[in-house]
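These notes concern the structure reproduced below.
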Amino acid sequence: MGSLLCRRLRQQSYESLPTEEFGKPHNAHESKSLEPTIIAIFTLLLVTIFALISTKSTYATQNMSNPNEKIPKVIHYTLDKPFPEFEEAWNFHDWKIKYWSDDDLSNFVKENFPHYEDKFNSLTIIEKTDWARYMIIYIEGGVYADSDVRPKASETDINKWFQDGINLYSCIEFWGSFMIKLHLTQWFFASSKGNPAILKIIENVATNIDAIPLTDDKSVLWRTGPWVFANSIIESMGKENEAMIDQYEWEEPLRLDYRKSGAKVGVFIEKKDECPVSMSKKFKPNSIKGKGGWREKIKQLKK
């Protein structure tokens, strides 16, 4: 009798325990019904990760610079329509001029940088044209020039931009300030397509748009303009070359080769007084003339 009672008590205690303790699910039917859901979620997660990687690879890895990549002889202008004085000034026999309207810029970003589309559309027109110029040069390569930039050198002199091994060209605008060490001409620069130094600018602009509120004209310089442009190029050179630039005397132009993201970058930074282009207000189109310039336009846009 006692042994029977003990057996009954043991049986009841086993039955009261959760079945998971014996390596079986508590509710086998419920577990089986969850399996398709778990598989679907896992599959969706993998697809999302792959899509994100693929999206970034469409711009980050295509046509990366290589030692034989030259700067294309194409000038990009962010204007709605052709401007005769441009074509007169840059009338070199084997050059092309490409004009980009506001709609062209938006469509270009949508097609080539879809993950930045919403951020791009939230910007002022001035910031859009800043950011878009880097994207265009990264994807297509060539020369970017503001609407009032004109060559002051002959085609023979300008052809040094297109030497073998040079795939990033800019000029010193001025040297040093309380905010940034080296000011480069963001209103005029040239690069081969797929240049990792230009990609660094694009990525830093995206970061700065989130980190720096648009408060005044100086915030534009850091968000999308000349300061983030120059800083990003120097950053892409690495700490060793950055230290060298700090001590450079600028008696000669800077010619520097380095590798970034597995690609070769050949930099040529021209001295200020030997820059082959200049800004001429005489040729600025009527649509972008006006008192106060872009600083005044920023204030108007914020009202």
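Throughout, read-outs are computed from the coordinates displayed, never taken from laboratory work. Source: prediction; values computed, not measured. Note that we place each Cβ from the backbone using ideal geometry, even for glycine, and neighbour counts take in every protein chain shown.
Things worth noting here:
- Under 13 Å, Cβ to Cβ, from residue 188 - net charge with Lys/Arg +1 and Asp/Glu -1: 0
- Each peptide in 139-149, 248-258 receives the mean, over its residues, of other Cβ atoms within 10 Å, and ordering these scores from highest gives 139-149, 248-258.
- Summing charges over neighbours of residue 141, with a neighbour being any other residue whose Cβ is under 9 Å away from its Cβ, gives 0 when K and R count +1 and D and E count -1.
- Given 73/271; 200/264; 181/271; 239/264; 119/200; 152/272, the pairs whose alpha carbons are separated by over 19 Å: 73/271
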